[in-house]
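A short write-up of the structure that comes next.
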Amino acid sequence: MTYMDTPPPHMETLPPLLITGAAGMLGTSLIRLCRERDLVHYAYSHRELDITDAQAAEALLARFAATSPRGLVINAAALTGVDRAEDEPERAFAVNAQGAANLARAAAQHGLDLIHLSTDYVFDGSQRTPYRESDRPQPLNVYGRSKLAGEQAVSSLHPTALIVRTSWLFGHGRSNFPARILELALNPLPEDPGQPSPLGPELRAIRAISDQVSCPTSADALAKGLLELYRRGARGLFHLAGAGSASRYELAQEVLAAAGLQAEIIAIEGASFPARASRPLYSVLDCAKARGLGVELPRWQDTLHLYVQEHLTRHTLG
Ligand SMILES: NC(=O)c1ccc[n+]([C@@H]2O[C@H](COP(=O)([O-])OP(=O)(O)OC[C@H]3O[C@@H](n4cnc5c(N)ncnc54)[C@H](OP(=O)(O)O)[C@@H]3O)[C@@H](O)[C@H]2O)c1
């Protein structure tokens, strides 16, 4: 984390936090950070709070406000499966738009602050320069449309909420892109008879898309950045992602380099990869607004190397 100056004195401490979606990638990083920093926090997984249940959300936030009148709610809950959202659009909107609205309404009513997360996939990728907060969103898929609807609901119901768009997260769990590349490199799949592999007769090569570019972002670094942005008084819409940019192909190569693994990666075009949702070819986020407040995430390569070492220790050494 690169912080260019110290926080204003009145913001030095953080209020108690209530975290939704606590078992997800960002939720896990937030909880870890709270424990490290000894911050008062209450964390609720999907099982413990379904944010689509307006009454449950309202009751929980009312109880939180009663004990923590200036508390901060962080909504890390979302339906994040981009292809799944195409198949379940109603569910995607229920969680990403209505669920976000439920939290925003209850937080505003009880005088609680709110940080809500959104995505680079609100953009269509037609730009070739990093997207600013003021650029026009035009999502290509259901996930992006549902997240944009969530942003709009949050900003109208809770005008002082901090809404942070981020991109290509990696962290806890095995379902993020770097984790899947490690899995494939360590356990190569048997060859598909239809697609002979350059790795040899029995191994299938790793394929990674070379024409989708964004900002790989460490969930741990994002968690720190979110709290720091909030402490520095950021409210409204901000972009916050790992510094730099990469294609999926470049990201896969860096994962292998960080792990010291040899495996061949074949660069493919997104159009040749069978996915249900369209994805933007370019969704690099311009984070200058956050930088203006002294908050900048580290280069994605640096956090990726730390992540890979930790992941290998946890998942391959037991
Ligand atoms: N992952 C990325 O690459 C990425 C990129 C850009 C922006 N973001 C945004 O960053 C935020 C955090 O993403 P993440 O990667 O940490 O997501 P994640 O790992 O998928 O975690 C999301 C969590 O939300 C939970 N959840 C789903 N529906 C819920 C509901 N109705 N009520 C309560 N919890 C529910 C999920 O639980 P179940 O699994 O049990 O359903 C999961 O634990 C999201 O707003 C996401 O849109 C993510």
Residues being surrounded by fewer than 24 Cβ atoms within 10 Å (Cβ to Cβ) and under 15 Å from HIS239 (Cβ atoms) - total across region 135-150: 4
Sole residue being over 18 Å from GLY242 (Cα atoms) and at pLDDT 95 or above, chosen from ASP120, ASP113: ASP113
Residues of region 120-136 classified as within 13 Å of the ligand (Cβ to nearest atom) and in a loop (DSSP other than H, G, I, E, B), total: 1
Selection count, region 137-146, where residues are part of a loop (DSSP other than H, G, I, E, B) and touching a helix residue (DSSP H, G or I) at 6+ places or on another chain (Cβ under 7 Å): 3
Listing of helices (runs of 4 or more DSSP H) fully contained in region 9-89 that carry 1 or more residues being farther than 24 Å from SER155 by Cβ and touching a helix residue (DSSP H, G or I) at 6+ places or on another chain (Cβ under 7 Å): 25-37, 82-87
Sole exception among (1) touching a Pro at 6+ places or on another chain (Cβ under 9 Å); (2) under 30 Å from GLN309 (Cα atoms); (3) buried (at least 24 other Cβ atoms within 10 Å of the Cβ) for PHE123, by number: (2)
Hey, ARG105 of a type in the set (D, E, K, R) and crowded, with 18+ Cβ neighbours inside 10 Å or not: yes
Meets criteria (more than 8 Å from the ligand (Cβ to nearest atom), in a strand (DSSP E or B) and closer than 25 Å to THR28 by Cβ) for LEU184: no
Any chance ARG63 is within 16 Å of the ligand (Cβ to nearest atom) and more than 15 Å from LEU26 (Cβ to Cβ): no
Some residue of region 59-71 being charged (D, E, K, R) and modelled with pLDDT of 95 or more: yes
Selection status of ALA43, within 21 Å of the chain's Cα centre (by Cα), within 26 Å of ALA246 (Cα to Cα) and within 15 Å of the ligand (Cβ to nearest atom): no
Cross-chain or 6+ apart pairs with Cβ under 6 Å, region 98-122 first and over 17 Å from VAL164 (Cβ atoms), then of a type in the set (Asp, Glu): ALA106/GLU58
Sole residue being surrounded by 14 or more Cβ atoms within 10 Å (Cβ to Cβ), out of contact with any strand residue (DSSP E or B) (no Cβ under 7 Å at 6 or more places or on another chain) and closer than 25 Å to ALA234 by Cα, chosen from SER45, SER68: SER68
Residue pairs meeting the criteria (Cβ under 6 Å; at least 6 apart or on separate chains; first within 18 Å of ALA85 (Cβ to Cβ) and touching a residue at least 60 places away in the same chain (Cβ under 8 Å), in region 136-164; second in a helix (DSSP H, G or I) and away from the ligand (no atom under 12 Å from the Cβ)): VAL142/GLU86; VAL142/PRO89
Region 164-181, residues that are within 11 Å of the ligand (Cβ to nearest atom) and aliphatic (A, V, I, L, M): VAL164, LEU169
Selection count, region 16-26, where residues are more than 6 Å from the ligand (Cβ to nearest atom) and either of a type in the set (S, T, N, Q) or buried (at least 24 other Cβ atoms within 10 Å of the Cβ) (or both): 3
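Here is a yes/no grid of residues against (1) of a type outside the set (A, V, I, L, M); (2) more than 16 Å from the chain's Cα centre (by Cα); (3) near the ligand (Cβ under 7 Å from one of its atoms):
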position	(1), (2), (3)
LEU72	no, yes, no
ALA76	no, no, yes
THR80	yes, no, yes
GLU88	yes, yes, no
VAL95	no, no, yes
ALA104	no, yes, no
ALA108	no, yes, no
SER118	yes, no, yes
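The values are calculated or read from the model by the stated rules, or taken from the named source; none is laboratory data. Note that the structure is a prediction, hence the values are computed from the model and not measured. Glycine also receives a Cβ, built like all others from the backbone with ideal geometry; neighbour counts cover every protein chain displayed.
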